[in-house]
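Input: a single structure, listed below in structure tokens.
Every read-out reported here was derived from the displayed coordinates using simple, explicitly stated rules and does not represent laboratory data. It should be emphasised that the depicted structure is a prediction, and the values quoted were computed from it without experimental measurement. Neighbour counts are summed over all protein chains in view; Cβ atoms, including those assigned to glycine, are modelled from backbone coordinates with ideal geometry.
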């Protein structure tokens, strides 16, 4: 077992036997590594006594799980109806233009990932976004840029 | 030595935070330090007047006065005004006298925005736990009967009588293997756009949900409960976890709930980003750690739910309605509302609207009252062209139907549904063809993939709408679109595929010109 595998096993094993344990184990692993390393599938299958196909099925089903590292800051723009009603589509276009990046992409420098999210529950102050852990209501490109700066400052 | 003591209230609610409440708190504390003011800031839930957030409050002679929307830049002047009792441009006067708030009937949200959400003593002082104590002193069958008599219906969208579910779970035979387990599962996977009542109550009054679940658990004989919370709600997750911890310490959860001699325990489970997990059988699969693929019904979850055991699955607001029903009786609750829609509903006014937020009132308020009078029309000051009720699976309705009462039967009779009570307002820049396309697109993204009508039908739906948009054999494709919708309604396994046709067909029916059927054709 290499270091990654040892770490994955240590993270996942406490969740064996817990309700919904596989999903929580995968989330914990992803939080530790920033993404789900390739070995996660086999380690989880072994720990939870499942086939690799079953684990792969779970990973691919949920939008939260990703097998590739994302940018250092992830900007999630709400794409759902309430935000559409309040200029969400225009906001997306403005953010894509400002950062020269499309929603669904990660910048080559791995500084930034733009992705859609379907509702943050901030529908009464739409359009809404989430920059890292930071919620942004009544978002515009300027406020999102400011939030990105503050997130990267906080990370340093 | 400090000179003055000051206590302020500021929401920890996600909306307030998204608009700068944390920055305001920091700025206030820093200004207070400079001025030798001994400042305490109590983080509360939100009052639901979201255009005023962050809404800062101070108590004067037992009355809470508001200031908002207050930003970090206002911190110095606010503190000055508060300490010296001077006027401030952001002053709103007594918060509960603001018409938007005053005209509500707050049964569920009575404490939200008022108390510290994590203070169990305050919860109890404001009427909390009266329902649970009464339930403990009442025979289980009578508790189930009370819920039935109250007329409470599932607030997640389906509107199924809650008491019927309770009786089914209570009467469900325990499995033969002797594992006498039943479960209470709270569906907090609030994924519908335009809805945030679950989030607000979990952030602002988490003990209410815990109390509701405990009453349910004791009444139907379930010792274990789960709250399935979506991962997009990190603030709610933090508040709930802390509240459950305190509830355990206080003996509200555990082996001997409030001295009843009965056990009930509770856990939060965080989802992983799947809209379909708001569907109860998909949610149960997910809670078992699997792909959230829906199950065929029957068997009903009430008989064979989580891990095949009898399970009571309810939406957050349904469970939060239970404590007041127990505390004040079925009749008290049933007297609110109209017809078979009893009690109150926390309506959520969202999208392009001037006064967005949460408005709890008895069923029967009209759609127009909600969006025009209470919501104040659009924030862009353009005419309202459409509202969508009840999330991505809800109907688009035109202003000509604003006289309709918001209750389950009236909405159903008009091809719509109350859903979870979310109302999204759109101005006249909306293109309903685009919204119909989005409905299918969303379904492509979020379908669990188990049944063909939903998995494939949604993809075909996008294609057909695109052909209509490109004016390719328009008449034929419009007919095809209706056929497809019919097939999805008839053939889908769950409400996702079965209800995606609702936004599509309501858009076609009420806004035909956007599909090139009338005026647009003529204009071309």
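Key figures for this structure:
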read-out: Pair residue B:119, residue B:331: separation of 7 Å Cα→Cβ label points (nm); value: 3.6
read-out: Spatial separation of Cα centroids for the stretch B:269-294 and the stretch A:1-49, in angstrom; value: 19
read-out: Residue-averaged 222 nm ellipticity for chain B, from DSSP H runs of 4+ at -39500 (n - 2.57), nearest 500; value: -11500 deg cm²/dmol
read-out: 25 °C / 0.890 mPa s Stokes-Einstein diffusion coefficient of the stretch A:91-156, Kirkwood radius on C-alpha pairs, µm²/s; value: 200
read-out: Space enclosed by the convex hull of the alpha-carbon atoms of the stretch B:10-128, per residue, Å³; value: 109
read-out: Estimated FRET transfer efficiency when R0 is 35 angstrom, pair residue B:249-residue B:174 (beta carbons, to 0.05); value: 0.70
read-out: FRET E, pair residue A:42, residue B:297, Förster distance 51 Å, beta-carbon r, rounded to 0.05; value: 0.90
read-out: Over the stretch A:1-143: Kirkwood hydrodynamic radius from C-alpha pairwise inverse distances, Å; value: 16.6
read-out: Euclidean distance between Cα centres, the stretch B:450-469 to the stretch A:110-150, Å; value: 30
read-out: Spatial separation of Cα centroids for the stretch B:18-39 and the stretch A:71-103, in angstrom; value: 31
read-out: Degrees between helix A:21-33 axis and first principal axis of chain A (Cα, 0 to 90, nearest 10); value: 70
read-out: Estimated FRET transfer efficiency (residue B:77, residue A:90; beta-carbon r; R0 30 Å; 0.05); value: 0.35
read-out: Range of Cα positions in the stretch B:368-524 per principal axis (Å), largest first; value: 43, 39, 25
read-out: Distance histogram for chain B (every C-alpha pair counted, 10 angstrom bins, percent rounded to whole numbers); value: 4, 18, 27, 25, 16, 8, 2, 0, 0
read-out: For B:383-395, mean number of other protein chain Cβ atoms within 10 Å; value: 1
read-out: Kirkwood Rh and Cα Rg combined as Rg/Rh, the stretch B:198-263; value: 0.98
read-out: Tail beyond 24 Å, pair distance distribution of the stretch B:137-285 (Cα, percent); value: 34
read-out: Shape call, the stretch B:133-191: gyration tensor on alpha carbons, a/c limit 1.5; value: oblate
read-out: Rg to Rh quotient for the stretch B:1-71, alpha carbon positions, Kirkwood Rh; value: 0.98
read-out: For residues of A:72-83, the mean tally of beta carbons on other chains within 10 Å; value: 5
read-out: Pairwise label distance in nanometres, residue A:51 with residue B:102, each label 7 Å out on the Cα-Cβ vector; value: 6.7
read-out: Relative contact order (%) - the stretch A:33-156, alpha-carbon pairs under 8 angstrom, separation at least six; value: 24
read-out: Alpha-carbon Debye profile of the stretch B:433-523, log10 I(q)/I(0) at 0.18, 0.20, 0.23 Å⁻¹; value: -0.69, -0.84, -1.07
read-out: Gyration tensor over alpha-carbon atoms, the protein assembly as shown, equivalent ellipsoid semi-axes in Å; value: 34, 32, 29
